[in-house]
Amino acid sequence: MNILIAPDSFKGSLSALEFCDIAAEVFQNHATHDIKLHLLPLADGGEGTIDAVLTYTHAQKIAVNVHNALGLSDIAYYAFLSHEHSDNPYGRDTAIIEMAQASGLPAIHPSQRNPLKTSSYGTGELIKHALNKGARKLIIGLGGSATNDGGMGMLSALGVQFYNQQGQSLMPAGQMLGLIERIDTTQLDPRLNECDIIIASDVNSPLLGEQGASRVFAAQKGADAEMIQQLESGMSKFAKKTLSTLSLPETTVNIPGVGAAGGMGFALLTYTQAIVQSGFDVLAEISALNKLLVDKDHKPDLIITGEGCFDQQSLQGKLTGRLISKAQTMDIPLMLLCGNFSQGIETRLNDNILLLALVNEQVSIDEAMQNTAQLVKHQLLKLIRTDIVRV
């Protein structure tokens, strides 16, 4: 029996690679019949993207001193694939950058999360370092950000200057968006025009409105209702100043994906020549997932995936949702093991999908976060004893 283990990370508690290691131990030590495992730790542009790339390629892991989302000194990493690497599918010196590394939620304690004060400046520092190293293709994963600054911080690190009504230079942060009166792009790093830039995103949100960056995602980054209103107003002004400065149409704010990562998608699509691609598709190519799914000798009889929280957003382009779609299309049973799932989401799944959660009446969210590895192992041990792995 071929079993594909293809999880995302359980953010803040278990990496995709650790999930795969646990699954390998459980099936190798406890399965009583012949099972062939295919371990594919995955990501969709957010936390864990760099680790996944390093798993499947000979990319270098490059460490950079950056400013994190709160402006504090920190170390972040990106992956660099030389054009000389035989496993480089892109043909150019390529940097794979994970925004969560430099500007992400994991580095910030929940009590300090405040999208009025956070900045994407560190992501710009990673991009600049990659350009200095010779990268001429940039793949920028946008998941897991702690910011809602419209990419203002990233742009500042790359040379764009923002001024208020008094002509004073503004320090980039979400609370500064509404103060922007003039944008100077003359010092924007010209090497960006020489690059192919791919936005690896799992979000199709517009920039503004009820489905936009501020109203949908700012709350999970620490914003209350008043902050959200301030961020929405500031983002609207930033968008107008950007579009007038760059002579772009007003409809740009409605392009799917521009609301990703607190408006980082908007910054990349307007100030550079970036294009949007599904983060899942980027990793599916690098990991050869698509080839495995159609290989007549290795096509899985069962897919096991997982993530921290499974909800409506998961079904709108995230890794687990895309795997579920593929499994349903190909009539492959799939088990989704998550930390928790939103009420009613199971009604969106067909009978071939088994949904299990670590959180239940006996296990709280805090307990699940603290004991994720043991709880995942326990669930997989229970799975071995069911008919689903005895076909």
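The values are calculated or read from the model by the stated rules, or taken from the named source; none is laboratory data. As the structure is a computational prediction, the values presented were derived from the model and not from experiment. Every residue, glycine among them, receives a Cβ derived from its backbone with ideal geometry; neighbour counts consider all protein chains shown.
General observations
- Picking from residues in segment 111-148 that are part of a loop (DSSP other than H, G, I, E, B) and among the small types (Gly, Ala, Ser), the one that is farthest from residue 283 (Cα to Cα) is 119.
- Within segment 58-74, the residues that satisfy the criterion of being more than 19 Å from residue 113 (Cα to Cα) and either assigned to a strand (DSSP E or B) or in contact with a strand residue (DSSP E or B) (Cβ under 6 Å, 6 or more places away or on another chain) (or both) are 59, 60, 61, 62, 63, 64, 65.
- In this structure, residue 98 qualifies as of a type outside the set (Lys, Arg), in the same structural domain as residue 162 (by TED's automatic domain parsing) and under 21 Å from residue 45 (Cβ atoms).
- Only a single item in (1) under 26 Å from the mean Cα position of the chain (by Cα); (2) at pLDDT below 90; (3) surrounded by 20 or more Cβ atoms within 10 Å (Cβ to Cβ) is not met by residue 349, and it is number (3).
- If only residues of segment 308-324 that are touching a Leu at 6+ places or on another chain (Cβ under 7 Å) and touching a residue at least 24 places away in the same chain (Cβ under 8 Å) are counted, the one that is nearest to residue 359 (Cα to Cα) is 310.
- Of all residues in segment 286-326, those that are over 20 Å from residue 12 (Cβ atoms) and either buried (at least 21 other Cβ atoms within 10 Å of the Cβ) or among the aliphatic types (A, V, I, L, M) (or both) total 16.
- Residue pairs whose Cβ atoms lie under 7 Å apart, sitting 6 or more positions apart in sequence or on different chains, and linking a residue in segment 151-172 that is touching a residue at least 40 places away in the same chain (Cβ under 8 Å) and closer than 17 Å to residue 271 by Cα to a partner that is surrounded by fewer than 22 Cβ atoms within 10 Å (Cβ to Cβ) and among the β-branched types (Val, Ile, Thr), are 160/183; 160/185.
- Here is the figure for segment 327-339: residues that are within 26 Å of residue 141 (Cβ to Cβ), out of contact with any Ser or Thr (no Cβ under 8 Å at 6 or more places or on another chain) and surrounded by 17 or more Cβ atoms within 10 Å (Cβ to Cβ) total 1.
- Meets criteria (under 30 Å from residue 380 (Cα atoms) and crowded, with 19+ Cβ neighbours inside 10 Å) for residue 5: yes
- The set of residues from segment 266-281 being within 12 Å of the chain's Cα centre (by Cα) and buried (at least 24 other Cβ atoms within 10 Å of the Cβ) comprises 279, 280.
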